[in-house]
1. In the stretch A:331-346, which residues are over 21 Å from A:SER385 (Cα atoms) and surrounded by fewer than 24 Cβ atoms within 10 Å (Cβ to Cβ)?
2. Just name the residue that is nearest to the other protein chains (Cβ to nearest Cβ) out of those in the stretch A:355-395 that are out of contact with any helix residue (DSSP H, G or I) (no Cβ under 6 Å at 6 or more places or on another chain) and of a type in the set (Lys, Arg).
3. Of everything in the stretch A:167-219, what is in contact with a Phe, Trp or Tyr (Cβ under 9 Å, 6 or more places away or on another chain), modelled with pLDDT under 95 and surrounded by fewer than 22 Cβ atoms within 10 Å (Cβ to Cβ)? Give them in sequence order.
4. Does at least one position in the stretch B:211-220 carry a residue that is over 18 Å from the mean Cα position of the chain (by Cα), surrounded by fewer than 19 Cβ atoms within 10 Å (Cβ to Cβ) and within 14 Å of chain A (Cβ to nearest Cβ)?
5. Answer yes if at least one residue in the stretch B:196-204 is within 14 Å of chain A (Cβ to nearest Cβ) and assigned to a helix (DSSP H, G or I), and no otherwise.
6. Keeping to the stretch A:25-56, report how many residues are buried (at least 17 other Cβ atoms within 10 Å of the Cβ) and farther than 28 Å from A:GLY239 by Cβ.
7. Of everything in the stretch A:429-447, what is under 20 Å from A:ARG298 (Cβ atoms) and either touching a residue at least 12 places away in the same chain (Cβ under 8 Å) or in contact with a Lys or Arg (Cβ under 6 Å, 6 or more places away or on another chain) (or both)? Give them in sequence order.
8. What do you reckon, is A:LYS401 modelled with pLDDT of 95 or more, at negative phi, more than 11 Å from every other protein chain (Cβ to nearest Cβ) and in contact with a helix residue (DSSP H, G or I) (Cβ under 7 Å, 6 or more places away or on another chain)?
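The values are calculated or read from the model by the stated rules, or taken from the named source; none is laboratory data. The structure displayed is predicted, hence computed values, not measured ones. Glycine also receives a Cβ, built like all others from the backbone with ideal geometry; neighbour counts cover every protein chain displayed.
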Amino acid sequence: MPAPEQHRIIFKHIDEPGYTNDIGCYLRNGGYEVLKKAVARKPEDIIDEVKKSGLRGRGGAGFPCGVKWGLVDRKSGKPIYLIVNADESEPGTFKDRYIMHQDPHQLIESTMISCFANNVKQAYIYIRGEMPHGARILEKAIAEARVANFVGPNILGTGYSCEIFVHRGAGAYICGEETGLIESLEGKRANPRIKPPYFPAVLGLYQCPTIVNNVETLCHVKYIAEHGGAEYAKIGTPGNTGTRIFCVSGHVQRPGYYEFPAGTITMGQLLNEVCGGPLPGRKFKAVIPGGSSAKILRFGERFKGKRKVGTELVDYDWGVEDVPMDFDSLGMIGTMGGSGGVIVMDDTVNMVEALANINAFYSHESCGQCTPCREGSLWMKKITSRMVHGQARNEDAALLKSVADQIPGRTICAFGEACSWPTQSFIAKFGDEFKQYPETKKTAKPADAVALV
Amino acid sequence: MIAPAKPDLVTVNIDGQEIAVPKGTNVIEAARLVNVDVPHYCYHPKLSVVGNCRMCLIEMGMPAVDPATKAPIMDPATGKQKINWIPRPQIGCGTNVSPGLHVKTTSPMVKDAREGVMEFLLINHPLDCPICDQAGECKLQEQATGYGRGYSRFVEQKNVKPKRTQLGPRVTLDDERCILCSRCIRFSKEIAQDDVLGFVDRGSYSTLTCYPGKKLENNYSLNTVDICPVGALTSTDFRFKMRVWFLKQTNAIDTESSVGANTLVWSREGTIYRITPRRNDEVNDTWLADSARVLYKAVKAADRLAATETIEVLVARAAALFKSTPGAIAVVGSARSTVEEQFFTRHLATALKASAQLVSRVGQGDKLLISADRNPNVRGALVTGLIKTLPAQQLTDLAAQIDAGKIKVVVAINEDLAAAGLTAAQLAKVSIVYLGAHANATSAAAKVVFPTLTVFEKSGTYVNQQFRIQKTLKAVPAAAGATDDLVVLAQLVAAAGGAALPAELGLLWKVIAAEVPALATMTFANLPETGLVLDATPYAALPFVEGETLHYKPAQPAVAAATA
């Protein structure tokens, strides 16, 4: 079956020749028309549309956006804050950066619509510290929007006022975890908070109700406000509505970003047709479907079970290539859609070395607050690092698995899962390679091989 | 007294035991009530909850109800309501009780979680217990023994961190032992209100340190050592001095102000090594000022007085002075003496037909555990009837009477008259009988000197600012050449022609109970460890100098505030 056509609603103007990131270009392309209409509506209507749309968060967890907005404590009398999570740090993910660099006004308009819908008077864009260029573009875009009265006091003469501030992040992966982000925004170390009691919807920024949404998620809100939730829900598949942006990196012919209706494309179509298949003379070995913390899939393994289609339960028997790229299908086979960062590895990759790289990243990024993640992530890194530097032992695979099993579900935030899932899945899927690694190390590497972490 | 509002009680089930606990109690505290230990490091009952050590993970469940009808779902096997167990372990410190909450602390899931956390905590810990001061009172040791696997699987290099950082004048830090529980950080911020500690670096390389240019030097810095669950924060004074299991613990009271913080005195073979706080939720919680921890140094101070003659000779000399100048004797008692000593002082003054006066000491209160009244027992003197009004800081009346030649003999008990405003000429003009532990201008000028004891060498009671009578016990034997204050005072009372009084506390308290109505129902032995609050209403009109401290609010605004 041939791959479906790309359906670009968020990336509509990305890489469009002649499209610039200034407000003039955006207005010429129909920009801020949705905001103008939105501020004339009742805020509850917009929230209803988002609920109807079935929009799920694009930051990684896939939590329904309408539900998130519905949890916000609106009776406390405290101000409600909206934070745009632009701390895009998951390895393999590079979608939000394009939106901010090439189409910042789309984000600003979407943010303003979401603020209006939730009666937010102050919004923050928390942008990853390593993206200074993006921060400058956003600052300029907000200034332009303020001049045009789309942001700031008395927007478009409605009496509704809302400010947006850009805050540059503190240079750590954990700043993207929503409560860590809030701590960081308050000027502290980005140590995630315990939940309960610090649910952002009730006790978020400065102990006020707070909405934290990913950049891409908010951009979908603009589309929903324009076309309606029901119309949006027709894109994609039930439960996985709208489009998904896939950031494909690694060993394919044409890596890059691709936007498709969610659930309509399979892994095989994405990698073989859209991305042009493996590099010449190579074969796909493994793929991580949703950012480096998602569990890895091995080409050649089969997934069997029953899944719901409509109201019926249907048997499925998939290879990796057959898996539809949506939250639920990927969840069913034991991994996750995550942030849409698809990392492809071919048969030249040694899995122990790949895991050593991932473990080095997560041990460096653990905030150090709670014990299992702090100690476990560094221990796993020390083991894999020792293995690739020549001191591999036969018992290391079992030890790695046991260490990884002591982390998830026992930590303050989801980083515990993020740092242990790679190890768990690498050992589960490529256990033989780990057991044989002491032997593998006896074969000399080519002189031009890259240095190991 | 107004009865406290009855708390809403919530019934929970912990390891099969049902217990009703007040709403807002967390699982650790609820479990403590049924003698179930939930191991923990970062949780401290007097600090905010952060849930970072993950040692207190427990299995938790709630009674099942039908989502539609809200009717309980029964388990046919047991005939009781079915429990929906949460598949992931939850932290006990951050989980407050709710009606019907079920907790398991011994299930395989909990055991596995504890073993995992223990292993993680130990992999980068130096395991240098043989040279660590915390050994013997270390949570890491105790819980590794109780809940760990007992073997190590870690073959990598351990992290290297600073071994002896001097965080301030009294606290030394060994960062490698630190388990990053953040108790010290929270204490500094929340209790001492001196936010100087924080972590730098991240992950397992996180390191506790002071903020640039700051030092941990507030007067509560040593509490961080007390609450450190491991041997990371150590007292510079106590470090490497003594193994804690050799030390005897004695309950005592901090005598540096009228707060009366409860303490533990740690001694071995007549030598005191350290003083730590003793928990009293109505007085000092679990805290103690640093200044209270060095008071023991008075025991072996270079200026301790020692008698060169027997007490009989000294008493005879004092008796001769008393007889030679009837009607011209003054007694200066002390608000630093115990209730029992003040009771004797009153008897002495009565027998000598002399007026008794006390000396007030006023400093700046720190709003925590040091009050403006730097005497520990002004209220004891009121209760025993030694004084009727609050003492002044200077003995101006006495000075005038000495100048006028009306007073010829002064009995000074534990008070330096020079410090209370008497000049050298005035001291020279009278014959002084001095009772005290340390040398000073008064002992130098005195005709008769009775070397007596420091608070650590005797037992007795003090009445703090809340009118709470509290007991202090003898930690070490009396220094050579010093006599118990009560023995000296009993003999002086007898020499002055007063009634025979027993110096032994058990017998003495029978006399006190008979004579002092406020203490009528008490004995020394049955006084609770956390003290007993006396009726303060007879003294409500007195202008006490204390401002607010941790568990004390003045009944009326402080004098200065009232006159301002």
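1. Result: A:GLY331, A:MET332, A:ILE333, A:GLY334, A:THR335, A:MET336, A:ASP346.
2. Among those that are out of contact with any helix residue (DSSP H, G or I) (no Cβ under 6 Å at 6 or more places or on another chain) and of a type in the set (Lys, Arg), it is A:LYS382.
3. Listed by number, the list holds a single entry, A:ARG189.
4. yes
5. Scanning the stretch B:196-204 turns up at least one residue that is within 14 Å of chain A (Cβ to nearest Cβ) and assigned to a helix (DSSP H, G or I).
6. The qualifying residues number 5.
7. A:LYS429, A:PHE430, A:GLY431, A:GLU433, A:PHE434, A:LYS435, A:TYR437, A:THR440
8. When the stated conditions are applied, A:LYS401 passes them.
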